[in-house]
1. Local charge sum around His32 (other residues, Cβ-Cβ under 15 Å, Lys/Arg +1, Asp/Glu -1)?
2. With the cut-off at 29 Å, tell me which of the pairs Lys105/Lys194; Lys131/Lys190; Lys149/Lys190; Lys110/Lys186; Lys110/Lys134; Lys105/Lys132 have Cα atoms farther apart than that.
3. Give me the angle, in degrees from 0 to 90, between the Cα long axis of helix 149-158 and the longest principal axis of the Cα atoms of the chain, rounded to the nearest 10.
4. Largest first, how would Ile22, Ile109 line up by accessible area (1.4 Å probe)?
5. Ignoring any ligand, DNA or RNA, what whole percent of the accessible area of the stretch 172-263 comes from carbon and sulfur when the probe is 1.4 angstrom?
6. Where is the GNM fluctuation largest for the chain (alpha-carbon springs, 10 angstrom cutoff): Ser97, Ser19, Ser210?
7. Of the accessible area of the stretch 1-111, with the probe set at 1.4 angstrom, what percent is carbon plus sulfur?
8. Calculate for the chain the 222 nm mean residue ellipticity that helices alone would give, adding -39,500 (n - 2.57) per DSSP H run of length 4 or more and normalising by residue count, nearest 500 deg cm²/dmol.
Amino acid sequence: MIFCIPEFLSYPIFNNMISNAIKNYLKDKPFHAVDLKAVLFDMDGVLYDSMSNHAAAWVKTMSGLGVPFSAEEAYLHEGRTGEGTINIAFQRAFGRSVTKEEAAKIYGIKSACFNDCPQAEVMPGIVELLKKVKAAGLQPMLVTGSGQKSLLDRLNMHFPDTFKRELMITADDVIHGKPHPEPYLKALQKGRFKPEEAIVVENAPLGVESAHRAGIFTVAVNTGPLNDRVLFDAGADLLFADMPSFCDNWEALWSALKTTRKE
Ligand code: CA
């Protein structure tokens, strides 16, 4: 069953759709309701409109190495660690794994290309959404596969008093990147939350898969060029076309999460 929120729906139908998405999520879970305490945010493509820069940086870096790599592939691999992405491209192009040293060097080139791109803008709608999340008394947390220091440093400037460093999960905190559930499981562990006490906001298929495998209700916001189907196939429980739509409908989701029980 697919729970995508088209803009033209009237409120009763819309609320019913959210409630059904939650019931569907609860079906195979050992708990009867969501008791929301934290909202776990991915970074690239969620907090920042940075994915077109990442895609351009990957394409430029790989083409410099003679490795075929498309922008769409960058979106499909989004959330994977840099080494994981480079390894897949290496296997395909050269029939061998990349070494740790090679991967570190190539990721350095990619990071330099990314830093040469125009600064990524804050995602439209996210500041307003974070205000609502904080006003509801919920804990926002960052869970990213990125180790990109330039973006991590900017977080506090763009989202002051929002993401606590001691609650962040970045590339340095995990062995297995997304789509492995480790990043989201570690986030739950760091925040001392149970899966039913959090929801995830993700834009990429591998990120959605990671959150879904961690057993957390996952809201996909399709801020990139991929088809909605890819995000649902990865395990999204609910999908919004963009961040302003999610922000506009936050109250409906928050209310449904508080009232919906397993059938
Ligand atoms: Ca992302």
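1. Residues near His32 contribute +2 overall.
2. Lys105/Lys194; Lys110/Lys134; Lys105/Lys132
3. 40
4. Ile109, Ile22
5. On the stretch 172-263, the fraction of accessible area on carbon and sulfur atoms equals 48 percent.
6. Ser97
7. Reported share for carbon and sulfur atoms: 58 percent.
8. Theoretical 222 nm ellipticity from helices: -14500 deg cm²/dmol.
The values are calculated or read from the model by the stated rules, or taken from the named source; none is laboratory data. Note that the structure is a prediction, hence the values are computed from the model and not measured. Note that each Cβ is placed from the backbone with ideal geometry, even for glycine, and that neighbours are counted across all protein chains shown. With ligands, DNA and RNA removed, areas are computed over all heavy atoms of the protein, side chains included. Shrake-Rupley method; radii C 1.70, N 1.55, O 1.52, S 1.80 Å.
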